[in-house]
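Peer 1: Questions regarding the structure given below will be posed in turn.
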Amino acid sequence: MCINHTNRRDFLKITAATGAAVAGVSALAAPASADAHDHAAQPGDKMALTNVRIFDGDQITSRRTVVIENGRIGISTLGARRIDCGGAVLLPGLTDAHIHLRDVNTLHALAGSGVTTGLDMATFPPSLVNSLRGLPGLTDIRSAGTPAVAPGSPQSQIPAFPSDAVLTAPEQATQFVRSRVAEGSDYIKIIIDEPGLSPETIKAVTTAAHSAGKLVMAHATSTATVVRALDAGVDMIHHVPMDSALSASVAARYVSSGTVAVPTLTMMEGFGNLGIPGMNYAAAEGSVTALRRAGARILAGTDSNLTPGIPVQPPYGISLHHELELLVRAGLTTREALRATTSLPAQAFGLRDRGAVRIGNRADLVLIDGDPLADITATRAVRRVWVGGIEYAPVTG
Ligand SMILES: [Zn+2]
């Protein structure tokens, strides 16, 4: 980034308003560390997890058996290798609804913490993103690719930032979306900052994305930009205002429009700790409280990144557990927090093969000790993880 040291304070402010924008260009995929998979099952291996208590989206069930067959949750235990889980709790694989990919180690860190789906919210080049797709036994990803940004924005100054993503007029929206779709973007991201893209351009990108059948993610960290995102009709708003807590009336607009919130409290907390005037974590937390009270759909996302120049870099995987705790502190019930990282992101992103322990779904599963409905910190006690039916060795300590 072209950052003048004398303007560090301004940079922090700008960056704070921007969040971790784009994972670095130089981030090439590191060789996969196959060592962690020494004991991993093969995709065709049939297993029966016995004596598991399942979080079914509402309650934790009595002891059951869950079959893993050909990477999916199966029906019959016939011929299955039995694994006695001793009454531990089985969760659907967790989803982090806001990360920035770095390299294959990102996927290892996510999987090790039980995060079996990672939703990237801006990484380029597309070759990096595409090299991380569909790797057996590793966290499954979706990506926004390159976001739409305004001229003069911090992202636009990143070396090699694609020039066609720096929009100066609404007429460029269609080509911007077409390029992202051609590159493989799963959804479209728009950075809405002050000063930034005009309301007309934001609306044009949203319309073009919807015409292409893509969901629209907006980045907004102030009340004014949240309102701009709502006016444009985006599908999800990432981050929450840190200048002041969302009012009940603005929170109600999320509900009436069906807009989903991804607060990224972990990132907001990190920026709050920097002591920048106008960046108050209390406002972020209050915004989540208001959204929850209004009945808005809230997803767990951390903004984990290793993007050069970003002063807050939540670690991959483990941060998701912290995010759940922050959401509970902001007023979500433990049940709501668990849904925010399982069934809700699956529904919101149209990922119909996951988010619940259900026959036919991907065998993305996390076995934990303790009762997360009684104490959300129990999700940290990851005992075993399966990603698409392949066991991953949990990160310990
Ligand atoms: Zn981000």
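Yes or no, residue by residue, for (1) assigned to a loop (DSSP other than H, G, I, E, B); (2) touching a residue at least 60 places away in the same chain (Cβ under 8 Å); (3) not β-branched (Val, Ile, Thr):
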residue	(1), (2), (3)
Arg335	no, yes, yes
Ala346	no, yes, yes
Arg352	yes, no, yes
Val366	no, yes, no
Leu373	yes, yes, yes
Ala378	no, yes, yes
Arg383	no, yes, yes
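Peer 1: Additional query: Yes or no: segment 238-249 includes at least one residue that is in the same structural domain as Gly278 (by TED's automatic domain parsing), touching a residue at least 24 places away in the same chain (Cβ under 8 Å), surrounded by fewer than 23 Cβ atoms within 10 Å (Cβ to Cβ) and assigned to a helix (DSSP H, G or I).
Peer 2: Among the residues of segment 238-249, at least one is in the same structural domain as Gly278 (by TED's automatic domain parsing), touching a residue at least 24 places away in the same chain (Cβ under 8 Å), surrounded by fewer than 23 Cβ atoms within 10 Å (Cβ to Cβ) and assigned to a helix (DSSP H, G or I), which makes the answer yes.
Peer 1: In segment 306-322, which residues are at pLDDT 95 or above, farther than 19 Å from Asp140 by Cβ and out of contact with any Lys or Arg (no Cβ under 6 Å at 6 or more places or on another chain)?
Peer 2: Val312, Gln313, Pro314, Pro315, His322
Peer 1: Let me ask something else. So which residues in segment 290-325 are more than 16 Å from the ligand (Cβ to nearest atom) and over 21 Å from Gly112 (Cα atoms), if there are any at all?
Peer 2: Ala290, Leu291, Arg292, Arg293, Ala294, Gly295, Ala296, Arg297, Ile298
Peer 1: Here is a further query. Hey, can you tell me all the residues within segment 244-289 that are on the phi > 0 side of the Ramachandran plot, in contact with a Lys or Arg (Cβ under 9 Å, 6 or more places away or on another chain) and within 16 Å of the ligand (Cβ to nearest atom)?
Peer 2: Passing the criteria: none in range.
Peer 1: Taking segment 86-143 on its own, how many of its residues are in a strand (DSSP E or B), closer than 22 Å to Met236 by Cβ and touching a Lys or Arg at 6+ places or on another chain (Cβ under 9 Å)? Reasoning before the result, please.
Peer 2: The first filter runs over segment 86-143 and keeps only residues in a strand (DSSP E or B), leaving 89-92, 94-99, 115-120, 123, 140-143.
Filter once more, so that each one left must be closer than 22 Å to Met236 by Cβ: 92, 94-99, 115-120, 123, 140-143.
With touching a Lys or Arg at 6+ places or on another chain (Cβ under 9 Å) added as a condition, the list becomes 92, 95, 116-120, 123, 140-143.
Count: 12.
Peer 1: Also, quick follow-up: Are any residues in segment 144-176 of a type in the set (Val, Ile, Thr), touching an Asp or Glu at 6+ places or on another chain (Cβ under 9 Å) and assigned to a loop (DSSP other than H, G, I, E, B), and if so, which ones?
Peer 2: Going through segment 144-176, the residues of a type in the set (Val, Ile, Thr) turn out to be 146, 149, 158, 166, 168, 174.
Still in the list and also touching an Asp or Glu at 6+ places or on another chain (Cβ under 9 Å): 146, 149.
Across segment 144-176, the qualifying residue is only Thr146.
Peer 1: If I filter segment 178-221 down to residues being part of a strand (DSSP E or B) and among the hydrophobic types (A, V, I, L, M, F, W, C), which single residue comes out as nearest to the chain's Cα centre (by Cα)?
Peer 2: Among them, the one singled out is Met217.
Peer 1: Applying the selection to segment 223-243, what residues are within 16 Å of the ligand (Cβ to nearest atom) and β-branched (Val, Ile, Thr)?
Peer 2: Matches in segment 223-243: Thr225, Val226, Val234, Ile237, Val240.
Here's the yes/no breakdown for (1) more than 16 Å from the ligand (Cβ to nearest atom); (2) touching a residue at least 12 places away in the same chain (Cβ under 8 Å); (3) touching a strand residue (DSSP E or B) at 6+ places or on another chain (Cβ under 9 Å); (4) of a type in the set (D, E, K, R):
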| site | (1), (2), (3), (4) |
| --- | --- |
| Ala48 | yes, yes, yes, no |
| Val52 | yes, yes, yes, no |
| Ser76 | yes, no, yes, no |
| Ala88 | yes, yes, yes, no |
| Ala97 | no, yes, yes, no |
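Peer 1: Could you run through segment 358-391 and say how many residues are under 26 Å from Ser143 (Cβ atoms) and surrounded by 18 or more Cβ atoms within 10 Å (Cβ to Cβ)?
Peer 2: 15
Peer 1: For segment 255-301, give me each residue that is charged (D, E, K, R) and farther than 27 Å from Gly317 by Cβ.
Peer 2: Scanning segment 255-301 gives a single hit, Arg293.
Peer 1: Among the residues of segment 292-327, count how many are among the aliphatic types (A, V, I, L, M) and out of contact with any Gly (no Cβ under 9 Å at 6 or more places or on another chain).
Peer 2: Within segment 292-327, residues that are among the aliphatic types (A, V, I, L, M) and out of contact with any Gly (no Cβ under 9 Å at 6 or more places or on another chain) number 8.
The values are calculated or read from the model by the stated rules, or taken from the named source; none is laboratory data. On a predicted model such as this, the values are computed, not experimentally measured, just so you know. Counting neighbours? That spans all protein chains shown, and the Cβs are built from the backbone with ideal geometry, glycine included.
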